[in-house]
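The values are calculated or read from the model by the stated rules, or taken from the named source; none is laboratory data. Here the structure is a predicted model, which means the values were calculated and not measured. Don't worry about glycine lacking a Cβ; one is built from the backbone with ideal geometry, like all the others, and counts go over all protein chains shown. Areas reflect the complete protein model, heavy atoms only, side chains present, ligands, DNA and RNA absent. Shrake-Rupley method; radii C 1.70, N 1.55, O 1.52, S 1.80 Å.
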Amino acid sequence: MDRMGRVGDVTAVEPGGSVVRRILLGSQLRRLRESRGITREAAGYSIRASESKISRMELGRVSFKSRDIEDLLTLYGVADEMERGSLIGLAREANVAGWWQSFGDVLPGWFQTYIGLEGAASLIRIYEVQFVHGLLQTEAYAHAVVTRGMPTAPQAEIDRRVALRQERQKVLVSERAPRLHAVLDEAALRRPYGDRAVMRGQLAHLIEISEHPTVTLQVMPFSFGGHAGESGAFTMLRFPESDLSDLVYLEQLTSALYLDKREEVTQYERVMTRLHEDSLGPAESRDLLRGLLQLS
């Protein structure tokens, strides 16, 4: 999924790692607070902030001030210097700026979080129906997608959004490249974006990247009929950190949802598993792509 552009988190932290650290620190702060029976309101008062600020901190949605962390740890009864030092160090790591922040002029805050998580994931599973997922788009195809979604945007803004998308794709060939398992509905392959040359280039790119050792690409064909992905596109992220649960990312027009409750994630897990089982296998999917390329 990649609707961004359609309409309108130590010194060495791996790509996206700061976002994950922010979430990890927030969850640890929440556990400490709850274990002491302290309300968010009381915690907020102790750091001269609101209850909603504590909520955002515990969800990993804001940066951390060392003074605030120190005051909260004191309130929560954390006296051990090693434990305090570890958590304060985690806060410093969580505040490291990500590369994507230089694209802040075209990147809303809610999508910055996703890019950080995407860059830190060890496994990315996606289902897309509208168009080819952003991680798999060629530059020309991405340009056509952004232009179609933002027909009145200045050329400079369109170019910046395309550049952002190209930068994101570097994660697939990085030293810590995640495994990517993508299911594309056949509709995403047949719906034209750009001219014939753009579509041919995109199809050829999908065939090539599907051979990459960390990429599994499947196509859900029209011939299968109705299938498990009836609720639309979604992304599932898994992380190497054992303390961080799987996330489901649902992109909307002006915001996004991040689901991490076990029961919700399990439902999407079932849908994704069925999509994997019912879609064409990787080899058959390449054959379908080759057929579409010959017809284009």
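Here are some notes:
- Positive-pole candidate from L293, T266, H276, dipole of the chain, charges at beta carbon: L293
- Expressed to the nearest 5 percent, the antiparallel share of DSSP beta bridges inside the chain is 50 percent.
- The fraction of accessible area contributed by carbon and sulfur in the chain is 51 percent, rounded to a whole number (1.4 Å probe; ligands and nucleic acids excluded).
- Residues listed by number, the stretch 207-237, amide nitrogen under 13 Å from Q267 label point at 7 Å toward C-beta: 230-232
- Top positive-direction residue, dipole computed over the chain with Cβ charges, set L29, S223, H143: H143
- Computed from phi, the 3J(HN,Hα) profile of the stretch 123-131 under the Karplus parametrisation 6.51, -1.76, 1.60 (θ = phi - 60°) reads 9, 10, 10, 9, 10, 9, 10, 7, 7 Hz, with x in place of Gly and Pro.
- Surface analysis of the stretch 71-172 yields an accessible area of 39 Å² per residue, using protein heavy atoms and a 1.4 Å probe.
- Computed over the stretch 149-296, the quotient of the alpha carbon radius of gyration and 2.2 N^0.38 Å is 1.15.
- Area accessible to solvent at W99, 1.4 Å probe radius, in Å²: 90 Å²
- Taken per residue, the accessible surface of the stretch 198-274 reaches 51 Å², heavy atoms only and a 1.4 Å probe.
- Whole-Hz ³J(HN,Hα) from phi, Karplus 6.51 cos²θ - 1.76 cosθ + 1.60, for the stretch 147-163, glycine and proline x: 5, 4, x, 10, x, 9, 6, x, 4, 4, 5, 4, 4, 5, 5, 5, 4
- Highest-first arrangement of 22-34, 274-286, 130-142, 173-185, where packing means the average Cβ count within 10 Å: 130-142, 22-34, 173-185, 274-286
- Inter-part distance where the stretch 50-116 and the stretch 120-159 are each reduced to a Cα centre, Å: 29 Å
- Whole-number percent relative contact order across the stretch 42-87, with pairs defined as alpha carbons under 8 Å at least 6 apart: 32 percent
- Value at 222 nm in deg cm²/dmol, rounded to 500, when DSSP H runs of n ≥ 4 in the chain each add -39,500 (n - 2.57): -15000 deg cm²/dmol
- Contour minus Cα-Cα distance for A156 and S46 (0.36 nm per residue): 35.0 nm
- Considering only alpha-carbon pairs that sit under 8 angstrom and 6 or more positions apart, the relative contact order computed for the stretch 157-245 is 32 percent.
- Charge-dipole axis of the stretch 47-167 as Lys and Arg at +1 and Asp and Glu at -1 on Cβ define it, positive-most pick from I54, V96, W110: W110
- Computed 3J(HN,Hα) for the stretch 259-274, one whole-Hz value per residue from the Karplus formula 6.51 cos²θ - 1.76 cosθ + 1.60 where θ = phi - 60°, is 9, 9, 5, 3, 5, 6, 4, 4, 5, 5, 4, 5, 5, 4, 4, 5, glycine and proline marked x.
- Size of electric dipole in the chain: Cβ of Lys, Arg +1 and of Asp, Glu -1, about Cα centre, debye, nearest 20: 480 debye
- Estimated Rh, the chain: Kirkwood, alpha-carbon pairs, angstrom: 20.6 Å
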